[in-house]
Amino acid sequence: MRLSMTRFVTVLSFLVAITAVSAAQASAQDAGIRGGLSIDPDQFYFGGHLETSPLVNRLHFRPNVEIGIGDDLILIGANMEFLYKFPRRSGWSLYAGAGPALNIIMPDESDESFTEGGLNILVGAENTRGLFFEFKVGAIDSPDFKFGVGYTWR
């Protein structure tokens with residue numbers, strides 16, 4: 001039980017630190033939630049994100065934290081993703097992006113965790129109300145594929 005509490009405190013501390021670093025201008029950011037499935041490792045994941053106003057013409061910064069459960073491990077991904085949003089044609093618009101990831105991997109059978117770097121490349125579609133669907137391809141030590149759905153409060 002004590003090891004589980006230690007892991008919980010470590011994860012919570014990590015999430016608080018990422019949120020504090022990412023929330024430099026909270027008034028110019030929209031918050032959201034996300035969840036989905038990943039392949040290699042085969043997991044269910046959930047998390048949250050912040051999205052900035054355009055940094056330059058249609059380029060947004062959307063840092064997010066995703067916690068994956070399954071495949072005999074817990075994976076916490078801190079993703080620093082930049083999105084380019086294509087011009088809106090209707091109620092839906094497309095976007096594409098990429099960014100580095102910091103992955104904390106905690107195998108079930110071990111008391112130790114380790115950290116690996118990764119890279120995500122993504123495409124998605126979002127509607128004007130905040131609902132979005134996205135597909136990520138991971139490189140280096142990020143999950144190979146992710147399909148997610150989420151919502152951003154605007």
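The values are calculated or read from the model by the stated rules, or taken from the named source; none is laboratory data. Here the structure is a predicted model, which is why all the values come from computation and not from measurement. Neighbour counts are summed over all protein chains in view; Cβ atoms, including those assigned to glycine, are modelled from backbone coordinates with ideal geometry.
Please determine whether any residue of region 62-71 is in contact with a strand residue (DSSP E or B) (Cβ under 8 Å, 6 or more places away or on another chain), assigned to a strand (DSSP E or B) and over 29 Å from Ser110 (Cβ atoms).
So far as region 62-71 goes, yes, one or more of its residues are in contact with a strand residue (DSSP E or B) (Cβ under 8 Å, 6 or more places away or on another chain), assigned to a strand (DSSP E or B) and over 29 Å from Ser110 (Cβ atoms).
Among the numbered criteria (1) at pLDDT below 95; (2) in contact with a Ser or Thr (Cβ under 9 Å, 6 or more places away or on another chain), which one does Arg89 miss?
(2)
Residues of region 70-85 being over 18 Å from Glu112 (Cβ atoms) and not aromatic (Phe, Trp, Tyr), which ones? Quick ask: steps written out before the conclusion?
So the first thing to find is which residues in region 70-85 are over 18 Å from Glu112 (Cβ atoms), and the list is 70, 77-85.
Of everything in region 70-85, those that are over 18 Å from Glu112 (Cβ atoms) and not aromatic (Phe, Trp, Tyr) turn out to be Gly70, Gly77, Ala78, Asn79, Met80, Glu81, Leu83, Lys85.
What residue, of Tyr95, Tyr45, Tyr84, is part of a strand (DSSP E or B), more than 19 Å from Glu126 (Cα to Cα), modelled with pLDDT of 95 or more and aromatic (Phe, Trp, Tyr)?
Unique residue meeting the criteria: Tyr45.
Evaluate the following for Gly32: is it farther than 19 Å from Leu119 by Cα and at pLDDT 95 or above? Full working, then the answer.
Values: farther than 19 Å from Leu119 by Cα: yes; at pLDDT 95 or above: yes.
Yes, satisfied.
Quick check: anything in region 81-100 surrounded by 13 or more Cβ atoms within 10 Å (Cβ to Cβ) and touching a helix residue (DSSP H, G or I) at 6+ places or on another chain (Cβ under 9 Å)? Let's see the steps before the verdict.
Going residue by residue through region 81-100, those that are surrounded by 13 or more Cβ atoms within 10 Å (Cβ to Cβ) are 81-85, 92-100.
The next check asks that each one be touching a helix residue (DSSP H, G or I) at 6+ places or on another chain (Cβ under 9 Å); those that pass are none.
Within region 81-100, not a single residue is surrounded by 13 or more Cβ atoms within 10 Å (Cβ to Cβ) and touching a helix residue (DSSP H, G or I) at 6+ places or on another chain (Cβ under 9 Å).
Given the criteria modelled with pLDDT of 95 or more, surrounded by fewer than 17 Cβ atoms within 10 Å (Cβ to Cβ) and of a type outside the set (Lys, Arg), does Gly70 qualify?
yes
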